[in-house]
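S.K.: Below: one structure in structure tokens.
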Amino acid sequence: MDKTILYQTIHIGYKTFTPEGPATSPVILIHGFAEDGSIWDNQAAYVKNTHRLIIPDLPGSGRSSLLPGGTSMEALAGAVKAVLDAEQIEDCIMIGHSMGGYVTLAFAELYPQMLKAFGLFHSTAYADSEEKKAARRKGMDFIHKNGAAAFIRQSTPNLFSGTSRTGHPEWVTHLIDRYASFDPNALILYYEAMIQRPDRTHVLRQFPGPVLFIMGAEDNAVPLISSLQQSHMPSVSYIHILENTGHMGMMEAPARANLFLEEFLNDQYYA
């Protein structure tokens, strides 16, 4: 079901799926940079009959307006909390893709009592390196000069592995077509928020529940070595590597990603 709430003078859009049968911990799927909630369509179709799902569009994406007071990972986490409050959700499992993982980590730091478990899907708790910050600033400058459509066309192919680009060029085309009209101001604000976000490896070390890591063996955005280095930090980790996969495992390897997600969710339900 498509829903909308009013939060700080803006509208936030989100989808809900409620299965028949026994209640489970709600599952919140948080999309990444230059995406919206529809990026999770494969996963929603797979688990919607067994788990209650909440899939928001972050402020500035999809059906959600930009926040009036500026954008930060903490502010985006606050917007997600507003959706959970509207749905009367007191605890949940949250999975974040890429930038959505940064939002999830901020949420875990701000509202730890609301998380039973969480997952980083091609994401990291490390702050940006100086090299990464420079690359983001270069992207911001490109958007200023050339617009969002040109940026999406240039950057999207690099999100996929070479195997995916060669074998399934339609995946790349689909994302470009889907997000070419993205608000350039939102992209720039997201980049700035990512540059400013702190290291949150302490969240991984201190969180009492289990943490899911899904990594791409050929991920250029969040290199495999970086993901492996953080995966030992939680007290309980679920670690999965998607071979021949870049940064878009939900599209590049949906069957395996869905199984890993299902295992993680079911383990929390039966724990």
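S.K.: Considering only residues that are touching a strand residue (DSSP E or B) at 6+ places or on another chain (Cβ under 6 Å) and either part of a strand (DSSP E or B) or more than 18 Å from His122 (Cβ to Cβ) (or both), which ones fall in the range 26-51?
M.R.: Result: Pro26, Val27, Ile28, Leu29, Ile30, Lys48, His51.
S.K.: Taking Met215 as meeting all but one of (1) within 20 Å of Leu159 (Cβ to Cβ); (2) not in a strand (DSSP E or B); (3) not β-branched (Val, Ile, Thr), write down the number of the exception.
M.R.: Of the numbered conditions (1) within 20 Å of Leu159 (Cβ to Cβ); (2) not in a strand (DSSP E or B); (3) not β-branched (Val, Ile, Thr), the odd one out for Met215 is (2).
S.K.: Give all pairs with beta carbons closer than 7 Å in which a residue from the range 242-262 that is closer than 19 Å to Ala44 by Cα meets a residue that is among the β-branched types (Val, Ile, Thr) and in a helix (DSSP H, G or I); count only pairs at least 6 apart in sequence or on separate chains.
M.R.: Met250/Ile39; Leu261/Val47; Glu262/Val47
S.K.: Looking at (1) of a type outside the set (A, V, I, L, M, F, W, C); (2) buried (at least 22 other Cβ atoms within 10 Å of the Cβ); (3) under 25 Å from Phe264 (Cβ atoms), which is the only condition Ser64 fails?
M.R.: The single condition Ser64 does not satisfy is (3).
S.K.: Yes or no: the range 230-251 includes at least one residue that is in a helix (DSSP H, G or I) and more than 21 Å from Glu35 (Cα to Cα).
M.R.: Initial filter on the range 230-251 (in a helix (DSSP H, G or I)): 230-231, 249-251.
From what's left, more than 21 Å from Glu35 (Cα to Cα): 230-231.
Yes - at least one qualifying residue is present in the range 230-251.
S.K.: Also, quick follow-up: Please determine whether any residue of the range 254-262 is buried (at least 21 other Cβ atoms within 10 Å of the Cβ), within 17 Å of Cys92 (Cα to Cα) and within 18 Å of the chain's Cα centre (by Cα).
M.R.: yes
S.K.: Could I ask something else about it? So which of Ala221, Ala255, Ala193 ends up being out of contact with any His (no Cβ under 9 Å at 6 or more places or on another chain), aliphatic (A, V, I, L, M) and either under 21 Å from Phe107 (Cα atoms) or in a loop (DSSP other than H, G, I, E, B) (or both)? Walk me through how you get there before you give the answer.
M.R.: Numbers: Ala221 fails: out of contact with any His (no Cβ under 9 Å at 6 or more places or on another chain); Ala255 fails: either under 21 Å from Phe107 (Cα atoms) or in a loop (DSSP other than H, G, I, E, B) (or both).
Only one candidate passes the filter, namely Ala193.
S.K.: Can you find a residue in the range 5-14 that is in contact (Cβ under 8 Å) with a residue 60 or more places away in the chain, closer than 30 Å to Gln229 by Cβ and of a type in the set (A, V, I, L, M)? Write out each step before concluding.
M.R.: The first filter runs over the range 5-14 and keeps only residues in contact (Cβ under 8 Å) with a residue 60 or more places away in the chain, leaving 5, 7-8, 12, 14.
Retained after the next criterion (residues that are closer than 30 Å to Gln229 by Cβ): none.
Within the range 5-14 (the criterion being in contact (Cβ under 8 Å) with a residue 60 or more places away in the chain, closer than 30 Å to Gln229 by Cβ and of a type in the set (A, V, I, L, M)), the answer is no, since none of the residues qualifies.
S.K.: Which residues, taken from the range 133-168, are touching a residue at least 12 places away in the same chain (Cβ under 8 Å) and charged (D, E, K, R)?
M.R.: Matches in the range 133-168: Lys133, Arg136, Arg137, Arg153.
S.K.: Please verify whether Ser64 is of a type in the set (Ser, Thr, Tyr) and over 13 Å from the mean Cα position of the chain (by Cα), treating the condition exactly as stated. Before you say what the answer is, go through the steps one by one.
M.R.: Working: of a type in the set (Ser, Thr, Tyr): yes; over 13 Å from the mean Cα position of the chain (by Cα): yes.
Against the criterion (of a type in the set (Ser, Thr, Tyr) and over 13 Å from the mean Cα position of the chain (by Cα)), Ser64 qualifies.
S.K.: Say we look at the range 225-253 and pick out the residues that are touching an Asp or Glu at 6+ places or on another chain (Cβ under 8 Å) and over 17 Å from Gly167 (Cβ atoms); which of these is surrounded by the fewest Cβ atoms within 10 Å (Cβ to Cβ)?
M.R.: Restricting to residues being touching an Asp or Glu at 6+ places or on another chain (Cβ under 8 Å) and over 17 Å from Gly167 (Cβ atoms), the top hit is Tyr238.
Every residue, every condition in (1) closer than 22 Å to Met114 by Cβ; (2) surrounded by fewer than 21 Cβ atoms within 10 Å (Cβ to Cβ), yes or no:
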{"residue": "Thr16", "(1), (2)": "yes, yes"}
{"residue": "Ser25", "(1), (2)": "yes, yes"}
{"residue": "Asp41", "(1), (2)": "no, yes"}
{"residue": "Val47", "(1), (2)": "yes, no"}
{"residue": "Ile55", "(1), (2)": "yes, no"}
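Here, each number is a calculation from the coordinates, and none is a lab measurement. Note that this is a predicted model, so its numbers are computed, not measured. Neighbour counts run over all protein chains shown; Cβ positions are idealised from the backbone, glycine included.
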